[in-house]
Each structure stands twice: as structure tokens, then as C-alpha cells.
Amino acid sequence: MNYDYPHVNDSEITDTLEDTSGSDKPRILLMGLQRSGKSSIQRVVFGKMPPNDTLYLESTTKIQKEDITRSFIDFQIWDFPGQVNFFDMAYDSQEIFGAVGALIFVIDAQDDYSEALHRLFFTVTSAYRVNQNISFEVLIHKVDGLSDDYKIDTQRDVQQRMSDMLADAQLEHIHLSYYLTSIYDHSIYEAFSKIIQKLIRELPTLENLLNVLCQNSGIDKAYLFDTLTKIYIATDSSPVDMQSYELCSDMIDVIIDIECIYGAQVPSPNGRSSISDEEDEYGESHHVNGNGNGTRLLRDPYNGSGNNNIVNDDDEGDGGGGGGDGDDGDDESQEQSLRRADGVGLQNEAEASSLIKLDNGDVLYMREVNRLLVLICLLRHDNFEKHGLIDYNFQCFKEAVTEVFEFSQKRNSQQQEQQQQQQMTHLAQQQSNSE
């Protein structure tokens, strides 16, 4: 089955492909019809553009490429113009789709999507012939103006029609994932979180670490967030509740707003900025919003003992949780337990953290893992009373995540060196053959 694309001038697009083909990073492709919302998604999620400002974006006429390097997230995202057939003989399909990790196809749910489904079928089947390892993701987009029943019916209709088309072509083995999304709520971040998690090789290790932390600290739900995009790269194995996810995601915005309003930035000895508000005897800064819910920006008064074993609730009273009272006096071991992402021990490091008490008695607790990652936990207030235990276990979790990240960086560097050597060998062979 062939799909008729409108004719366009391909010279500028060809130049863009030549400029972007040299990267070894895995790619995420954003594809779909014109005006389906691809560029708006990229700008809102990765460019922090306010959703209302996307109304003034012009239609994409060439490939828009952006490098995303955030701790465990390391890939390129390509926004493709909707009117170009990149499986045409004028383009090198292997060069475009060979290194793709995920292909995201955007469908406008508020429009007649019959044409979009035919384009989706053509795109998926063509890309699958080039690279069978691509993860195919379908965003049924712009659902903010639809009723809940209509959203479900639309998703069911899209899935059924695509399944029938793939079955008729005897391609039932091609798997597509579907998401209902909008840039005006958390659904687009939730969808991208699940998509990007498929590309993170360290995901099972991170999930296991979160499971251990939750089980031994009385935490109901924990998310490891990328602070710049509000995408969670990992969570524990308990089911994701949309309401808890939205609370944790909103907490990032709340803390940033509070820091901008109340936090005078004071240079710290390590070059980082810290909050300088009026502090109590525990080194805590208190702010109260209009609803009377307390928000605290903490300086980590409970530093832990530097031991590398997570402590269980049952062991709290035998000294294993060191630092639960914050007065063990072992400054050297405390310094060893506070490590930055680059592995350098810093004396008296002020870690970013915050506490929000909800009206129902639950607690949102945020701790900084490194400058790109934060851990946000949801737990009951009676469990948070053992905050010394939680903070000690967090230090163990942080050290483990740092080790995983360092190992991942080392492995990526080795793979890049191997790929560069292979490319140089291939070029040398081509030159010798031409001579």
C-alpha cells in the first residue's frame, strides 16, 4: 500500500538529514499529519513553552532536531514535517530509521483521523521493514476538549481499525502502544515518561532500588523525576495512580515557585546556590501557602552515618539507622554519606529537599538525588515520623543511583569509542578500495 504525499522541495530537508546523521544517540521521531500537534508537544515537554504560546507556532517545514541529555536520559528527538515521505528513494531510510529507539505518531483526535490512520499504517509498516527494534507509540492527541466517554471510544476505534489493517496485511506481530494526551494537562508527561522508560537500559535496576527503598521506609509511592522536563524515569512496582503522579509532578513547580519568590540565592562553598531564609534550630525554612499547608525547604539535618545498607523499620532502634537523631557526631562518616553525582565528597553540603503536608494527612517528601534528578515520595504522616530512617535510607539509595549512573556513563563512552573505531575502519577500507 502506497500513500500519496504532497510534492515539496526536498533540498533543505536533505541538508538537514546530512547534518544530523552523524550522531550515535538513539532517536525519538515525532511524526504525523500537519497541524496534529507534533511541534507543540516537543516545545512544551522539552522546551518548557507555555501551552497557550504554541497556538502561534508555524507549521514545520524541515526536520527540527534537539539533543536531550539529562542524567539517564540521553537521546535525540526529531520533529518531522508531516507533508514529506521519508521512505521515498530520495532519502536513505536506513540512515534515518536504523538508529531509532521510538517512533511517536501523533493523531489529532478532534479532526477526522481516517487519513491519519492510513498514514500511520504506511509509516509503521515501512519503518518496521527497516528496523524491527523500533518501539511504535501512538499519541491520540488534543483530547482536552473531549468528554471522558468520547475519549475512550476514540481510543478503542483507533486501536480496532489499526489492528484490522495490520491483520489484513498479516503483520499482527507489530505492537503499537496508545496514549490519550493533551499539552494542557499531565497526560503528555505521563505518556512521555512511559515511552522514555522503554529506552532506559537501567530501568530494572532503578525500579528495584525504589522497591527496596519503599519497603524499608514505609513509603507508599515513589517517583524518580527529571527536574527539567517533569518526566519520571522510574517508579516502584506498585500501580501508578494518576492522582498521586499529578501531585508529585506539581510539587516540582511548587518548589521552584517558592524558591523564586522567597529564596534569596546565596553562594555556597561548593559553588552551588542555597536557600537563605529565616531558619529554625533544625536548619529548616518554613513557608505557608494560602490554604495553610506547610511547605519546608530543608537543609538535610539528618545526614545518616554513611553506611551503605538500607535499614528496615525493625532495625531503627539499634543504632543501625545512625543519624535518626541527627547527633551521632561522626562528621567524617557523614561527609562520606553525602556524595554528589560526580562522586566528589563535599563537606557540609546543603541538599535540596522539601516537605508538603496534604489536607488528608499524607505527606509529599522531595529529596535531590543530583542536579538533574529528584526523588518524590508519597507516604502517610505516621510513617514520616521516622524521618531519620527515611533520610538514612535515602542516602543509601542516592549512592546506589550514583553508582548506576557512573557505570552507565562509562559503558556509553566505551560503546561510542567502539562505534567511532568501526566507522574509521570502514572509511579506511573504502579509501583503500577506491585507490
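Descriptive notes on the structure:
- Karplus-derived HN-Hα couplings along the stretch 244-258 (A = 6.51, B = -1.76, C = 1.60, θ = phi - 60°), whole Hz, x at Gly and Pro: 5, 5, 5, 4, 5, 5, 5, 4, 4, 5, 4, 5, 4, 5, 5
- Ranking by accessible area, most exposed first, for TYR189, TYR184 with a 1.4 Å probe: TYR184, TYR189
- For the set LYS142/LYS230; LYS38/LYS398; LYS194/LYS386; LYS230/LYS410; LYS142/LYS357, the pairs lying more than 24 angstrom apart at their alpha carbons are LYS38/LYS398; LYS194/LYS386; LYS230/LYS410; LYS142/LYS357.
- Computed lengthening from ARG380 to ASP257, 0.36 nm per intervening residue step minus Cα-Cα distance: 41.8 nm
- Low-density loop positions, trypsin sites (Lys or Arg not before Pro), the stretch 169-223 - DSSP coil, at most 15 other Cβ in 10 Å: LYS198, ARG201
- Neighbourhood net charge (9 Å Cβ-Cβ; Lys/Arg +1, Asp/Glu -1) for HIS186: -3
- On full extension, the segment bounded by HIS173 and GLN429 gains 88.3 nm, given 0.36 nm per residue less the C-alpha separation.
- A 1.4 Å probe run over the protein chains yields, for the stretch 52-191, 45 Å² of accessible area per residue, whole-number rounding.
- Put the Cα centre of the stretch 103-119 next to the Cα centre of the stretch 34-77 and the gap is 18 Å.
- Label point 7 Å beyond Cα of SER413 along Cβ direction - residues of the stretch 68-106 with amide nitrogen under 19 Å: 69-75
- Spin-label model, GLU403 to ARG161: label points 7 Å out along the Cα-to-beta-carbon direction sit 5.2 nm apart.
The values are calculated or read from the model by the stated rules, or taken from the named source; none is laboratory data. Everything numeric in this text was worked out from a predicted model, so none of it was measured. So basically every Cβ, Gly included, is an ideal-geometry build from the backbone, and we count neighbours across all protein chains shown. Protein only, heavy atoms only, side chains kept; ligands, DNA and RNA dropped before computing areas. Shrake-Rupley method; radii C 1.70, N 1.55, O 1.52, S 1.80 Å.
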